[in-house]
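Data first, discussion second: the structure below is written as C-alpha cells.
The values are calculated or read from the model by the stated rules, or taken from the named source; none is laboratory data. What you see is a predicted model; the values in this text were computed from it and never measured. Neighbour counts are summed over all protein chains in view; Cβ atoms, including those assigned to glycine, are modelled from backbone coordinates with ideal geometry. Just so you know, the surface numbers come from the protein's heavy atoms only, side chains and all, with ligands and any DNA or RNA stripped out. Shrake-Rupley method; radii C 1.70, N 1.55, O 1.52, S 1.80 Å.
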Amino acid sequence: MKANRIFIALSLIGVLGLSSCRDEFAELNQSRSAVTTAEPSFLLTKAITSFETNDYTFWFYNQPYFTKWTQMGASGSFNAGAYGMGACNWQTNYITMLTYRNTIDAYVENNNAPESKAYGAMVGVLAAYGAIYASDINGDIQYTEASRYRDGGALVPKYDTVEELYNTLISELDGYIATFKDDSQVVVGKQDLIFNGNLAKWAKLANTLKLKIAVRLNLNNPSKAQEIVKAVVNDSAGYIDSMDDAFIFHKADAATGGDLAYQTGNSFSGWITSSTKNVIDFMKNARDPRIRFFYTKNSWNSSIIQCFIDEGRYDDLPGFVKENINLDPEGNFESFKLGEPWCRYEGIPVVFENSPEHNALKGEYFETNTRYTVKIGDATKSYGLFSGYNEEMIRGRCGYTVPTIPGGPVIQDNEQVPWWGLYLGAGETNLYLAEFAALGLSLPKSAKDYYERGVELSVKEWDYVAGKNKIPYYGTTYGYDPLEASIELQEGEIATMLATDAAKWDGSMEKIYLQELMNFTMMPDEMFVTARRSGYPKVGSTLLPFVKFKEIELKAIPRRFEIGEPSPTDIQHDVRMESLKAQGLTAGTNQSGIGFESSTVLNTERLWQDKNAPQWGSPTK
C-alpha cells in the first residue's frame, strides 16, 4: 500500500513536468504481493521491542484507579480527584502484535517456509497476553477479524465477546505449543530478546497463559476452567515453574537502545501511587521482603530523626516514627524498635477524602507543608512521610537522593539502568494452582505445596528484578547513616515469612488471594482483576481489611471504566455501540460519584468475566 501511494504521488509530479522520472519510479507501481517484505526473524525483534502492556500512559491513566478502589495503593489524600473511573488507556497493544503475527504468517505461506512458523507463534503468544489485558479493561474486543484489512479482511472488524475470545486464545495457544514442539522449526536466537530462541520456554509461556484465562473464566464456567488447568499441568510442554523459565526480560542495552532501554523517559515523581498503611502493615507483619522491592524507604533514617530532636522538634516527628524508636536517658535517638529496613516503610491511612476520619489526620498525614521541614542556617530541607511505589521498578531512567540533614552532604544515585520487567513468573503460576487445588481440583501437588512454592518464587523473582533494576539501597547503604540497611533478599527470610501468622499456610482462600495481590503490586491491572474476581481484601479481615467507607456504598465503587460514546462520524461507531448494547453497558461519562445516592452503573453493569464475582470486600468462599 505504501509503495502504491508513493507511486501515485510521483506520477502526479511527472504530469506537472517531471516526466523524465517516470521510468525511474515505474518499478514502484507493483502489486502488493511483489513488494519486498521483512524477514520473519527481524519482524519478531520489532514485535518484541514494540510489546507493552504497562507503559507510561497505563501508569498515568489506569493505575491510580486500580490501586485506589482495591485499596492496594493511594494518592496523597487517598481518594483525591475523580471518584469514578473516567480516564482510561484502552490497552490496544495486542493489535500491534496481531499485525506482526499476521505479516509473519503471510510470509511463511507466500514463501513456502513452514520451518519459520515459530516466529509467528512467538508473536501470537504476545498478542494473546495483550488481548487478555485488553479484555480485562474493555470487555469485548476486536480480535479474530482485527488487523486483516491489508489481506482483504474487514475494514471494521467485529467484536469478539470475552467468552469467544477466551475460547479463541486457548485454541491458538494450543496451536502455538504444537509449533514450538516441532523439531523442524529454525529460529535465530539473537533475534529473540525474551528467550534467545528457546522454543521450549516459549511453549511453557504459552501453556501458562492458559492459567491466566482459567482464573478469569472460573466464575462463569468452572468446569471449563478446571479442564484448562488439568490440560496445563498434564501437557508435556510444561509450564513456568522456575525463575529460569519466567517471562522476565529487558528490551535493549543503554548503549544501543536509547529510550527503549529505559521503558520511558517520563517521570512519575509527584503523582505516582503511594502505599496504604493497611498493605504496609500486612507486609511488615508477614516480614515480606517484597515490601523493600515494591516501595521506597521514607526519609526517616536515624540521622534525620536526631536532627529533629536537636532542633527541639521532637513533637513534630510523625507519630509512627515516635512509636518505633527508643530514646536514651538524655532524650536522644538510641535505636529502632522494629529495626532497619522494616522501620522505614509507612503507608497512607485508608480514609475517604474530606471525611471526619480524613480531617482528623490532616496535620499528621495530609497537610504537612511545614511540619516535616527543617531549616539550619541557610539550608532548608523537607522530608517525605510515605513509602511510594518504587519508580525504578517501572522505568530505568531515574535518580535518587539520599535524605540528609540540612547542610549535610548531597548523595545521589543517578545511574541510568536498562529496565527489566517481570511479565509472568513462576510465583504467579503456583499461586494460581494453589487457588484451584484449594477449591477442590485434584492436582499433582497439594494446595499447601503450590502456595508455599508460589510465595517463595514470587519473592525470589521480584528480588531478581529489583537487583537488575538496581533500585535504591539494593546492595548499598550509601555510607551516610550508620543504621541504614540494604534491601536485597537475605538468607532465611522466606522461611521466616512463611512462619508468620500473616503468611503461613492455614488452608484459607484469603491467604492465597492476598499473596496473589502482593505479587501483582507492580502489575496494577492484575491486582485489580484479582481483587475484583475474589472479593479480597475483605471487610473486617484481621490480615488485610477492606475499609467500608461511610461516604460511598460498596455497590457504588466502580468495577470498570466509563466508556464514552464514539463520534457519529467514526467508522467504528455502529459496531462499537452494538457491542456495548450486547454487553449491557451504557456509554457515557460522569457515571459515578459519592454518597448513598451516587450512581451504581460502573458497578452493576459488569464485564462478562465479572458477572458472577462477589462485591468489593465481600468474598463468597
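Things worth noting here:
- Out of R533, R576, sole residue that is basic (K, R), open to solvent by 10 Å² or more (accessible area, probe 1.4 Å) and under 25 Å from the mean Cα position of the chain (by Cα): R533
- Output for region 543-572, where each listed residue is closer than 21 Å to L165 by Cα and surrounded by fewer than 19 Cβ atoms within 10 Å (Cβ to Cβ): Q572
- With respect to the conditions (1) in contact with a strand residue (DSSP E or B) (Cβ under 9 Å, 6 or more places away or on another chain); (2) in a loop (DSSP other than H, G, I, E, B); (3) not hydroxyl-bearing (S, T, Y), P409 falls short on a single one, namely (1).
Yes/no per residue for (1) in a helix (DSSP H, G or I); (2) in contact with a Ser or Thr (Cβ under 8 Å, 6 or more places away or on another chain); (3) under 17 Å from L483 (Cα atoms):
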{"position": "F293", "(1), (2), (3)": "yes, no, no"}
{"position": "N298", "(1), (2), (3)": "no, yes, yes"}
{"position": "C307", "(1), (2), (3)": "yes, no, yes"}
{"position": "D315", "(1), (2), (3)": "yes, no, no"}
{"position": "E353", "(1), (2), (3)": "no, yes, no"}
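- When V125 is tested against the conditions (1) touching an Asp or Glu at 6+ places or on another chain (Cβ under 8 Å); (2) under 21 Å from D55 (Cα atoms); (3) at pLDDT 95 or above, the lone failure is (1).
So that you can scan it fast, the table gives a plain yes or no per residue for (1) among the charged types (D, E, K, R); (2) open to solvent by less than 60 Å² (accessible area, probe 1.4 Å); (3) part of a loop (DSSP other than H, G, I, E, B):
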{"position": "I137", "(1), (2), (3)": "no, yes, no"}
{"position": "Y143", "(1), (2), (3)": "no, yes, yes"}
{"position": "S147", "(1), (2), (3)": "no, yes, yes"}
{"position": "V156", "(1), (2), (3)": "no, yes, yes"}
{"position": "E163", "(1), (2), (3)": "yes, no, no"}
{"position": "Y166", "(1), (2), (3)": "no, yes, no"}
{"position": "I170", "(1), (2), (3)": "no, yes, no"}
{"position": "D174", "(1), (2), (3)": "yes, no, no"}
{"position": "T179", "(1), (2), (3)": "no, yes, no"}
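- The set of residues in region 268-306 that are touching a strand residue (DSSP E or B) at 6+ places or on another chain (Cβ under 8 Å), open to solvent by 10 Å² or more (accessible area, probe 1.4 Å) and not hydroxyl-bearing (S, T, Y) comprises W271, I272, K277, N278, Q306.
- Applying the criterion of being open to solvent by 20 Å² or more (accessible area, probe 1.4 Å) and β-branched (V, I, T) to the residues of region 453-499, the residue that is nearest to the chain's Cα centre (by Cα) is I494.
- Residue pairs meeting the criteria (Cβ under 7 Å; at least 6 apart or on separate chains; first of a type in the set (S, T, Y), in region 547-567; second open to solvent by 20 Å² or more (accessible area, probe 1.4 Å)): S567/H573
- Given (1) under 20 Å from T168 (Cβ atoms); (2) open to solvent by less than 10 Å² (accessible area, probe 1.4 Å); (3) aliphatic (A, V, I, L, M), number of the condition A106 does not satisfy: (2)
- Within region 374-384, the set of residues being under 14 Å from W300 (Cβ atoms) and open to solvent by 10 Å² or more (accessible area, probe 1.4 Å) comprises K381, S382, Y383, G384.
- Taking every residue in region 176-205 that is under 16 Å from V232 (Cα atoms) and pairing it with any residue that is modelled with pLDDT of 95 or more and assigned to a loop (DSSP other than H, G, I, E, B), at least 6 positions away or on another chain, the pairs with Cβ-Cβ distances below 6 Å are I177/A237; K201/F195; W202/F195; A203/A237; K204/G238; K204/Y239; K204/I240.
- Test: residue in region 233-253 that is open to solvent by less than 30 Å² (accessible area, probe 1.4 Å), part of a helix (DSSP H, G or I) and at pLDDT below 95: no
- Look at (1) touching a residue at least 12 places away in the same chain (Cβ under 8 Å); (2) closer than 30 Å to E551 by Cβ; (3) surrounded by fewer than 20 Cβ atoms within 10 Å (Cβ to Cβ) and you find that G363 fails only one, number (1).
- Top-ranked residue in region 192-218 [being among the aliphatic types (A, V, I, L, M) and assigned to a loop (DSSP other than H, G, I, E, B); ranked as surrounded by the most Cβ atoms within 10 Å (Cβ to Cβ)]: I194
- Residues that are within 17 Å of Y389 (Cβ to Cβ), polar (S, T, N, Q) and in a loop (DSSP other than H, G, I, E, B), drawn from region 515-541: T521
- Candidates are the residues of region 414-430 that are in contact (Cβ under 8 Å) with a residue 24 or more places away in the chain and of a type in the set (S, T, N, Q); the one that is most open to solvent (accessible area, probe 1.4 Å) is Q416.
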